[in-house]
1. Net charge near Leu95: determine it from the other residues with C-beta under 14 Å of the C-beta of Leu95, scoring Lys and Arg +1 and Asp and Glu -1.
2. Could you compute the FRET efficiency for Ile99 and Arg10, with r as their C-beta to C-beta distance and R0 at 22 Å, rounded to 0.05?
3. With a 10 Å radius around each residue's Cβ, average the other Cβ atoms per peptide and rank 111-121, 59-69, highest first.
4. What FRET efficiency comes out for Asn90 versus Tyr117 if R0 is 30 angstrom and r is the Cβ-Cβ distance? Round to the nearest 0.05.
5. For the ranges 3-15, 91-103, what's the packing order if you count other beta-carbon atoms within 10 Å of each residue, average per peptide, and put the highest first?
Amino acid sequence: MEDEEVVNRRTQRRRQTLITALLLAGGYYGMAVLYYTQRARKKCAHFFNLTTSCSESCWEHWNAADAIYFATVTMTTVGYGDLKPITTENMVVTLVFLIVGFIVVFSQIAQALAPVYQTLELWFFRFSEWSARLILGKRGEGKLVDLDGARRSSLLSNYPPRPRTV
């Protein structure tokens, strides 16, 4: 069994990581909404006048949903291309959003969600082991190994530690 002080410190660290991730994401998306709703423009979706060329009358500002969608697509480096910066100013700001979002915000969110992913991975492993026993009538062939050797989860107590290589 783990020491209560260690468990408390781990819980406190996870809580701080989650709060930091939420604050960074809130600030990132807030800045995206503030900037892109004021400065970015897109072609009007409801303007279907085919007889004239596209002029100033068929452009509109992005709404908050557009800004959040674009910030997410940019931060995750997907880049669908349906919304894109048009002016040089918007391109420079988008580049800053990309760098800050990918390096700072996205990594902090991933770090905050790491315990959730670890738990899901263990559940999926146990489910696959259970289904193999159910279907094959014997214990599954795979073994769960704690790669970093930290034994952070109580679910790992039934599994052997990572083999040491020399």
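1. 0
2. 0.10
3. 59-69, 111-121
4. So the FRET efficiency works out to roughly 0.30.
5. 91-103, 3-15
Computed from the coordinates by the stated procedures, all read-outs in this text should not be read as laboratory data. Please read these numbers as outputs of a predicted model, since none were measured by experiment. With ideal geometry, Cβ positions are generated from the backbone for all residues, glycine too; neighbour counts draw on all protein chains shown.
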